[in-house]
Amino acid sequence: MTSRHLTWIAIALLALAWGLLPDFTVTLLNYIGLYAMVAVGLVLLTGVGGMTSFGQAAFVGLGAYATAWITTSPQAAQALAALPAGLLPWLGLLLGLVVTALIAWGLGAVTLRLSGHYLPLGTIAWGLSLYYIFGNLDVLGGFTGLSGLPPLKLFGLDMTSPRVLGVFIWALLLLGIWALHNLLDSRPGRAIRSLKSGRVMAESMGVDTGQYRIKLFVLAALLAAVSGWLYAHLQRFVNPTPFALNIGIEYLFMAVVGGSGHLWGAVLGAALITLLKSELQDWLPQVLGTTGNFETVVFGLVMLLVLQRAADGLWPMLAGATRRFVRPPARAGTQAAPAPLATRALPPAGEVTLEAKDVTKRFSGLVANNAVNLDVKAGEVHALIGPNGAGKSTFFNMISGVDDPTSGTVRLMGQAMAGKPSRDFARLGLGRTFQHVRLLGQRSVLENVAVGAHLRGHRGWVSAMLRTDRHEEAALLAEARKQIERCGLLDYVDTPAASLPLGQQRIVEIARALAGHPAVLLLDEPAAGLRHLEKQSLAKLLTQLRAEGLAILVVEHDMEFVMNLADRVTVLEFGTVIASGTPAEVQADPRVLAAYLGGDLS
Ligand code: ADP
Ligand code: MG
């Protein structure tokens with residue numbers, strides 16, 4: 001049995017039992033479904049994307065108030081008198097989604113471009129202020145709220161009964177989870193997974209992480225708004241209380257307790273918190289002898305306990321317990337014939353592809369790069385060597401857009417690159433690895449390498465959600481697999497990257513860079529941690545790439561490796577170039593010998 005079978009069995013059981021469940025249980029399940037819809041957005045935003053929002057309840061409120069206003073206010077009734085009444089709630093949904101998207105986009109644009117805690121703070125401010133806006137606007141009924149909302153009607157089906165509306169709620173939730181699951185298992189999904197801890201890497205692979213973060217924030221807000229819309233038509237009245245900041249925090253509890261990196265964790269978390277809350281509200285007043293929102297205190301304690309015992313939430317524990325009986329589903333996706341991927345025409349051998357002129361980088365007092373001149377030509381391996389702390393990695397960051405030089409210019413493929421982000425470098429054909437490997441440790445080697453092919457696909461989020469991207473996805477994965485094979489790691493395609501030895505993780509980084517079909521390849525200490533034979537195959541690979549016309553710049557400490565491979569060598573000491581030339585010339589240079597303490601460079 002696979003986990004997919006188990007999902008279908010659970011859905012079938014729920015569907016079969018639905019008509020027989022007592023009213024109270026149906027109501028509880030309806031609320032769990034509504035909360036899970038918000039929590040699943042938070043799982044995506046927080047657990048996967050690494051952004052925290054306390055303001056989801058306010059987005060739920062927008063969805064609820066939009067439809068409440070359209071369906072009950074006299075002004076709206078007058079303006080929309082020509083429309084059939086059954087259409088109004090759907091217009092309310094549209095209004096809620098549009099307003100939510102606009103506000104989430106604005107809020108995201110203001111806070112997400114900044115680093116640090118601006119988003120969480122921004123969402124707290126937003127959650128607080130919206131609550132009072134709802135409460136103080138007369139058109140929205142003040143703190144008393146709006147009542148008399150009509151029930152939903154879908155193709156003539158009356159959804160007045162919570163039992164009927166519940167089917168719609170759970171159908172939408174399951175559809176949403178399906179779509180988000182598809183999204184995560186795609187080209188944009190791989191980029192989304194990099195947002196939490198791999199933004200520098202993702203940008204270097206061509207991902208616009210700022211835009212991705214805003215889109216993810218808007219998506220989570222839209223899910224909340226849909227939940228609010230359904231809530232309003234279930235309750236048939238709205239007031240500000242369920243949209244206050246403390247409820248926003250409760251949604252976060254659900255996502256975190258359930259399992260912040262797992263979509264189904266949202267359903268588990270919503271169920272646990274909802275059940276716990278309804279139990280606690282029954283017996284806490286009896287135990288304490290007084291009423292109040294004491295369940296929040298208990299939630300806080302529960303969350304601390306869960307975070308301490310199971311940092312990833314409870315879903316992975318549940319999934320782990322069933323692992324003996326349940327296999328993960330077989331990977332789909334190889335059925336579609338891969339579409340051909342765009343390739344890049346490489347410049348003719350000998351043409352300068354990357355050129356640094358007088359590149360200087362100061363870190364306050366320290367001059368890490370001092371007027372460095374260096375170029376890399378198509379069809380050559382250029383080695384950059386020098387003692388630790390000489391400024392080699394800093395220089396790599398200067399010529400790949402990760403950081404900007406204090407002065408000096410960088411040209412890539414003839415274009416001036418001043419002030420451009422690293423994704424523009426990637427677009428022009430620059431591929432790179434990092435000295436301190438930047439992989440998505442929990443994801444497979446295949447997925448990691450496929451991130452490198454990001455710019456060779458163009459299918460977006462909606463296409464991924466609806467699975468119309470399978471053709472392209474098959475091509476991207478085939479390309480990733482090809483590069484993995486080329487780098488000799490085919491045995492590990494499905495292995496989580498973090499479980500490989502460090503030396504091989506570096507090779508995964510090379511495969512990832514190659515998946516982008518680069519014209520220029522920057523390798524920062526690729527041979528570190530490799531055994532002798534592995535170094536030989538790396539040298540063979542680089543020789544082959546050079547023959548294909550790539551321009552390769554490599555930082556490496558292993559002198560035998562460097563001197564055998566490189567066409568030209570540049571030596572850096574204390575940020576300054578002290579020698580440059582063929583391996584033989586550099587090895588004979590007295591300054592170089594002195595820099596290496598008279599050591600033997602051959
Ligand atoms: P290499 O790669 O040649 O070993 P690096 O480029 O990593 O050297 O570092 C060069 C110098 O710049 C070192 O003295 C290092 O401490 C300093 N340095 C590197 N990055 C930063 C930074 N972000 N802030 C301040 N100093 C830095
Ligand atoms: Mg370094």
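Only helices (runs of 4 or more DSSP H) whose full extent lies in region 1-74 are considered here, and the ones with at least 3 residues that are among the polar types (S, T, N, Q) are 23-42, 56-72. Among the residues here, Gly419 qualifies as more than 16 Å from the chain's Cα centre (by Cα), on the phi > 0 side of the Ramachandran plot and either within 16 Å of ligand 1 (Cβ to nearest atom) or surrounded by fewer than 23 Cβ atoms within 10 Å (Cβ to Cβ) (or both). Quick check on region 265-279. Is at least one of its residues over 28 Å from Val48 (Cα atoms), surrounded by 11 or more Cβ atoms within 10 Å (Cβ to Cβ), out of contact with any Pro (no Cβ under 8 Å at 6 or more places or on another chain) and not charged (D, E, K, R)? The answer is yes, given that some residue of region 265-279 is over 28 Å from Val48 (Cα atoms), surrounded by 11 or more Cβ atoms within 10 Å (Cβ to Cβ), out of contact with any Pro (no Cβ under 8 Å at 6 or more places or on another chain) and not charged (D, E, K, R). Looking across region 546-595, the residues that are among the hydrophobic types (A, V, I, L, M, F, W, C), touching a residue at least 24 places away in the same chain (Cβ under 8 Å) and surrounded by fewer than 17 Cβ atoms within 10 Å (Cβ to Cβ) come down to Ala547, Phe574. From the set of residues in region 474-512 that are of a type in the set (A, V, I, L, M, F, W, C) and surrounded by fewer than 16 Cβ atoms within 10 Å (Cβ to Cβ), which is nearest to Val555 (Cα to Cα)? The selected residue is Leu502.
Would it be correct to say that Leu180 is more than 25 Å from Arg423 (Cα to Cα), hydrophobic (A, V, I, L, M, F, W, C), out of contact with any Ser or Thr (no Cβ under 9 Å at 6 or more places or on another chain) and surrounded by 15 or more Cβ atoms within 10 Å (Cβ to Cβ)? In short, yes. Evaluate the following for Asn388: is it assigned by TED's automatic domain parsing to the domain that holds Val562 and within 16 Å of ligand 1 (Cβ to nearest atom)? For Asn388, the condition - assigned by TED's automatic domain parsing to the domain that holds Val562 and within 16 Å of ligand 1 (Cβ to nearest atom) - is met. Filter region 459-495 down to the residues that are under 17 Å from the mean Cα position of the chain (by Cα) and closer than 22 Å to Leu430 by Cα and list them by number. The one that is under 17 Å from the mean Cα position of the chain (by Cα) and closer than 22 Å to Leu430 by Cα: Arg459.
The values are calculated or read from the model by the stated rules, or taken from the named source; none is laboratory data. What you see is a predicted model; the values in this text were computed from it and never measured. Neighbour counts are summed over all protein chains in view; Cβ atoms, including those assigned to glycine, are modelled from backbone coordinates with ideal geometry.
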